[in-house]
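Below: the structure, in structure tokens.
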Amino acid sequence: MPRFAQLVMGPAGSGKSTYCSTMVQHCAAINRSVQVVNLDPAAEYFNYPLMADIRELIEVDDVMEDDSLRFGPNGGLVFCMEYFAKNFDWLEDSLGHVEDDYILFDCPGQIELYTHLPVMKHLVEQLQQWEFRVCGVFLVDSQFMVESFKFISGVLAALSAMILLEIPQINIMTKMDLLSKKAKKEIEKYLDPDMYSVIEDSANIIKSTVFKKLTKAICGLIDDYSMVRFLPYDHSDEESINIVLQHIDFAIQYGEDLEFKEPKENEEDKPATLDEYFQDQVDE
């Protein structure tokens, strides 16, 4: 029997731990078992139980306080993750061998782990050897995606993780409940973006001809291959949580023996506007 895993990724402050907490509560409400493993050696607090915690193996503070190493916060975290990659047997022992496991891995936010360092790639390969079907869940804070040039940066970060890990990936805009009504309308065009429109939006911001050409090339690549799209995520809206979970489950074929159905296409599944999607929050 296969086992299932979400790698919950994204920049610091994008809402990874909140996502894990909300998903655990949602799954408990629908009588579904989900466990969480913390892979952030710099984490401080969790409001949900952990199946395993990397801090039992190594902590950033201990590395930074070691006089022979003298690492800063980022260097210390990279050292911790490389040490973790050499000790996957600890993770294997922590996970056990229960069939049909569904585990959320709450990952660190340092972007270098998803661009050029091999640690997360090795983790994915190890999980697959343990018969896990793995889906990447990449979170970005919607509050920082309402401007075209910031949106392009967020897309590139998500794309870096997709290319490095080579697994199914669901990209999510978090904290939608914190946006104003105006911002919700503005961000609607970025959920399933027309990248050529993004180019036009950024035309007055980017002054350099060279960078305009680079931006056009990047947007063209993303648009031509339909490589990145986002789902809106409001942790206070059960329907929003359920839609995200359905897409992830389909990506890893969770419950395929239960006649699992593919999520509906955007036109059928999504309301006409985000105002309707967030109808419970029309009073701002």
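The values are calculated or read from the model by the stated rules, or taken from the named source; none is laboratory data. In this text, all values refer to a predicted model and were calculated from it rather than measured experimentally. Backbone-built Cβ (ideal geometry, glycine too); neighbour counts: all protein chains shown. The accessibility values were calculated without ligands, DNA or RNA, using every heavy atom of the protein model including side chains. Shrake-Rupley method; radii C 1.70, N 1.55, O 1.52, S 1.80 Å.
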Notebook entry, point to check: Name the pairs: first residue in the range 67-86 and open to solvent by less than 80 Å² (accessible area, probe 1.4 Å), second residue among the β-branched types (V, I, T) and not in a helix (DSSP H, G or I), Cβ to Cβ under 6 Å, at least 6 apart or on different chains?
Noted result: C80/I58
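Being in a strand (DSSP E or B), of a type outside the set (K, R) and assigned by the TED database to the domain that holds L156 narrows it down to one residue among V124, V137; which is it? Explain how you work it out, then say what you get.
Numbers: V124 fails: in a strand (DSSP E or B).
Testing whether each residue is in a strand (DSSP E or B), of a type outside the set (K, R) and assigned by the TED database to the domain that holds L156 leaves just V137.
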Next item on the list: Hey, can you tell me all the residues within the range 140-168 that are over 11 Å from the mean Cα position of the chain (by Cα) and not in a helix (DSSP H, G or I)?
Entry: M145, V146, E147, E166, I167, P168
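Do we find that V228 is open to solvent by less than 20 Å² (accessible area, probe 1.4 Å), modelled with pLDDT of 80 or more, out of contact with any Asp or Glu (no Cβ under 9 Å at 6 or more places or on another chain) and not in a helix (DSSP H, G or I) in this structure? Steps first, answer last, please.
Working: open to solvent by less than 20 Å² (accessible area, probe 1.4 Å): yes; modelled with pLDDT of 80 or more: yes; out of contact with any Asp or Glu (no Cβ under 9 Å at 6 or more places or on another chain): yes; not in a helix (DSSP H, G or I): yes.
So V228 passes the test.
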Check: Does any residue of the range 29-46 turn out to be free of Cβ contacts under 8 Å to residues at least 24 places away in the same chain, open to solvent by 50 Å² or more (accessible area, probe 1.4 Å) and in contact with a Pro (Cβ under 7 Å, 6 or more places away or on another chain)?
Finding: no
Notebook entry, point to check: Which of the residues that make up the range 52-67 are closer than 20 Å to K86 by Cα and either among the aromatic types (F, W, Y) or not in a helix (DSSP H, G or I) (or both)?
Noted result: A52, D53, L57, I58, E59, D66
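Within the range 2-23, identify whether any single residue is farther than 26 Å from A157 by Cα, at pLDDT below 95 and in contact with a Lys or Arg (Cβ under 6 Å, 6 or more places away or on another chain), and answer yes or no.
Residues of the range 2-23 farther than 26 Å from A157 by Cα: 2-3.
Cutting the leftovers down to at pLDDT below 95 gives us 2-3.
So of that shortlist, the ones also in contact with a Lys or Arg (Cβ under 6 Å, 6 or more places away or on another chain) come out as 2.
Yes, the range 2-23 has at least one match.
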Margin query: Please determine whether any residue of the range 88-110 is open to solvent by 80 Å² or more (accessible area, probe 1.4 Å), without any contact (Cβ under 8 Å) to a residue 40 or more places away in the chain, of a type outside the set (V, I, T) and farther than 23 Å from R133 by Cβ.
Written below: no
